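Heads up, the thing below is written out as structure tokens.
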Amino acid sequence: MPMATAADLEYRYCGMQNRGVLTLQPTTLSGRDGAIDDMSLLTNGARWIPGFLTRADQEELVRVVRAVVAQAPLYTPAMPKTGKEMSVRMTNCGILGWVTDKAGGYRYQATHPVTGDIWPAMPELISELWHRLSGVDFEPEACLVNFYSEGARMSLHQDRDEETFDAPVISISLGDSCRFRIGGTSRSDKTTSFRLNSGDALVLGGDARLAFHGVERIYPGTSTLLKSGGRINLTIRRVTVPDGGA
Ligand code: SIN
Ligand code: FE2
């Protein structure tokens, strides 16, 4: 299957956007399943775009992710200090990958922690998604691939291991739906949750770049995209300060 061209993506995504890019603000949000009822809790800069990817695009993206995983297998990360294993399995593509283990803690590095190989290059389709959604003209450096099986979850955290927060974090969901929770920039801020479905995009930029967020649960059997079920989340990020940037 040929990779979608920029023109294809432009066409498809404009179509979606004309049906409404939802901005997570009180006046504009009407979630697909009506799950969000108090949007005033959310900081500006978080954008949720339900159904951003067509089914065909999702299938193509799954093929791309499978090729990444074939080169850079999913591994089980561990928490800093305690060494407690995470329930989400991970890998990366791009020049840098986000990893964590007991000894080294949260960090970016150029190599897979188990195989020692450099990460697979950023696939064209993933950088295409970055450019469509991020609003910046520099390249993404890291795409973290999270795989959630039925019982996996991710506790509330901020994405703050990057050297720059100028670019948003772009998140794409594939496969089973999840309940996603988001709050403000302090852990004690109020949070709200909603359901992220396969093909949805989420952009955490502006004031929401450092918003606390997490995945509370997976809804098994809610998607036919992945043959054996589960959920894949891609988070695409800039890690280092771009040339000429602050
Ligand atoms: C993450 O915050 O790294 C993952 C978010 C998600 O799985 O939707
Ligand atoms: Fe995150």
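The values are calculated or read from the model by the stated rules, or taken from the named source; none is laboratory data. Here the structure is a predicted model, which means the values were calculated and not measured. Using ideal geometry, Cβ is built from the backbone for each residue, glycine included, and neighbour counts are taken over all protein chains shown.
Things to note:
- Here the condition is being touching a Ser or Thr at 6+ places or on another chain (Cβ under 6 Å) and within 14 Å of ligand 2 (Cβ to nearest atom); of 181, 160, it holds for 181 alone.
- Residue match in the stretch 208-223 (condition: more than 23 Å from residue 90 (Cβ to Cβ) and polar (S, T, N, Q)): no
- Any hit, the stretch 126-134, residues being within 15 Å of ligand 1 (Cβ to nearest atom), closer than 23 Å to residue 50 by Cβ and of a type outside the set (A, V, I, L, M, F, W, C): no
- In this structure, residue 193 does not satisfy being of a type outside the set (A, V, I, L, M, F, W, C), within 11 Å of ligand 1 (Cβ to nearest atom) and assigned to a strand (DSSP E or B).
- Check on residue 161, closer than 28 Å to residue 104 by Cβ and either of a type in the set (A, V, I, L, M) or more than 10 Å from ligand 1 (Cβ to nearest atom) (or both): yes
- Among the residues of the stretch 193-214, some residue qualifies, meaning at least one is of a type in the set (Ser, Thr, Tyr) and crowded, with 22+ Cβ neighbours inside 10 Å.
- Filter result for residue 230 (more than 14 Å from the chain's Cα centre (by Cα) and more than 15 Å from ligand 1 (Cβ to nearest atom)): no
- Within the stretch 136-163, residues that are in a loop (DSSP other than H, G, I, E, B) sit with their Cβ atoms under 7 Å from residues that are near ligand 1 (Cβ under 9 Å from one of its atoms) and not polar (S, T, N, Q), at 6+ positions apart or across chains, in these pairs: 152/88; 153/215; 159/169; 161/98.
- Positions within the stretch 208-223 being within 13 Å of ligand 2 (Cβ to nearest atom) and either part of a loop (DSSP other than H, G, I, E, B) or at pLDDT below 95 (or both), in sequence order: 208, 209, 210, 211, 212
- Yes/no for residue 186 being of a type in the set (S, T, N, Q) and either near ligand 1 (Cβ under 10 Å from one of its atoms) or outside any loop (DSSP other than H, G, I, E, B) (or both): no
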